[in-house]
Amino acid sequence: MTIALGVLVSGSGSNLQAILDRVADGGLDADIRIVIANKPDAQGLERARKAGIATACVRHDEFPDRAAFDGELVRLLREAGVELVALAGFMRILTPAFLTPFAGRVVNIHPALLPACPGLRAQGQQADHGVRLAGCTVHFVDEQMDHGPIIIQAAVPAYPDDDEATLGARILEMEHRIYPQALHWIAQGRVRVEGRQVVVRDASRTMGALWANPPLEAPFDS
Ligand code: GRF
């Protein structure tokens, strides 16, 4: 089943690009109806235009409050026939004026293994803390920041000489893989939310590897 997708961006839009690429190669069954940015210079708008996707810019600083801004986003998304909204580096907090009409139909990607390191500079928070496993999370959006039910997470190793930039780049590569995957599961109707749990129908339980970093050595590795 093809899902009608709207994507909200604020910046570079590399996650948007990963989604566009997967739609183009047939891996992700989505029809991207509109890409909306809150900043006119968001590179994501350019990426969308290149792909022939409708775009809009809604400047948050031109609205009297968050609810009015959110109302305009809702109007545009509805007009475009959007069923599911993907936040892809969208740097605004959404209010009930947005989340009520799109309840259960907004997803976000966060560059950390939630509930660790919510909020800004998550990559830097992880590097500063010296975590050994960092990662990213695709989750449904609720009214608390970086909080809703988790659809998929991926871990990447972090090393003592990592900083925000090196760790962020490693995380971002994985973001580009898990976000289209999560959207495809939703498009296929395989995703169900039960309280805090997200059930992905027929998802494999096979582990690729035992996740430890540094890796376990014999005899601890078996
Ligand atoms: C990503 O790290 C995403 O997880 C976070 O903002 C960044 C956006 O990057 N929410 P991009 O605009 O998709 O390149």
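The numbers here are math on the coordinates, done by the rules we state, and not lab data. Nothing here was measured: the structure is a model prediction, and the numbers come from that model. Because the Cβ atoms are built from the backbone with ideal geometry, glycine has one as well, and the counts that use them run over all protein chains shown.
Overview of results
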item	result
Selection from Ile32, Leu113, Met91 lying farthest towards where the dipole of the range 23-132 points positive, charges on Cβ	Leu113
Per-residue ³J(HN,Hα) for the range 127-142, Karplus 6.51 cos²θ - 1.76 cosθ + 1.60, θ = phi - 60°, Hz, x for Gly and Pro	5, 4, 6, x, 5, 9, 10, 10, x, 8, 9, 9, 9, 6, 9, 10
Residues listed by number, the range 135-169, amide nitrogen under 14 Å from Ser12 label point at 7 Å toward C-beta	164-169
Distance cut-off 14 Å, percentage of C-alpha pairs in the range 101-171 lying past it	53
P(r) histogram, all alpha-carbon pairs of the chain included - 10 Å bins from 0, percent	8, 32, 36, 18, 4, 1, 0
Size-normalised alpha-carbon gyration radius of the range 102-222, reference 2.2 N^0.38 Å	1.13
Karplus-derived HN-Hα couplings along the range 212-217 (A = 6.51, B = -1.76, C = 1.60, θ = phi - 60°), whole Hz, x at Gly and Pro	9, 9, x, x, 5, 10
Burial ranking of peptide ranges 112-123, 179-190 (average Cβ count within 10 Å, highest at the top)	179-190, 112-123
In sequence order, calculated HN-Hα J values of the range 52-64 (Karplus, 6.51, -1.76, 1.60; Hz; x Gly/Pro)	x, 9, 5, 10, 8, 10, 10, 7, 4, 6, 9, 10, x
Degrees between helix 14-24 axis and first principal axis of the chain (Cα, 0 to 90, nearest 10)	80
Residues Thr100 and Val200, FRET efficiency given R0 of 25 Å [Cβ-Cβ distance, rounded to 0.05]	0.45
Computed E for Cys57/Gln153 - FRET, C-beta separation, R0 41 angstrom, nearest 0.05	0.80
Check: the range 1-70 dipole with +1 on Lys, Arg Cβ and -1 on Asp, Glu Cβ, in debye	120
Distance (nanometres) between label positions extended 7 Å along Cα→Cβ at Asp31 and Thr166	4.7
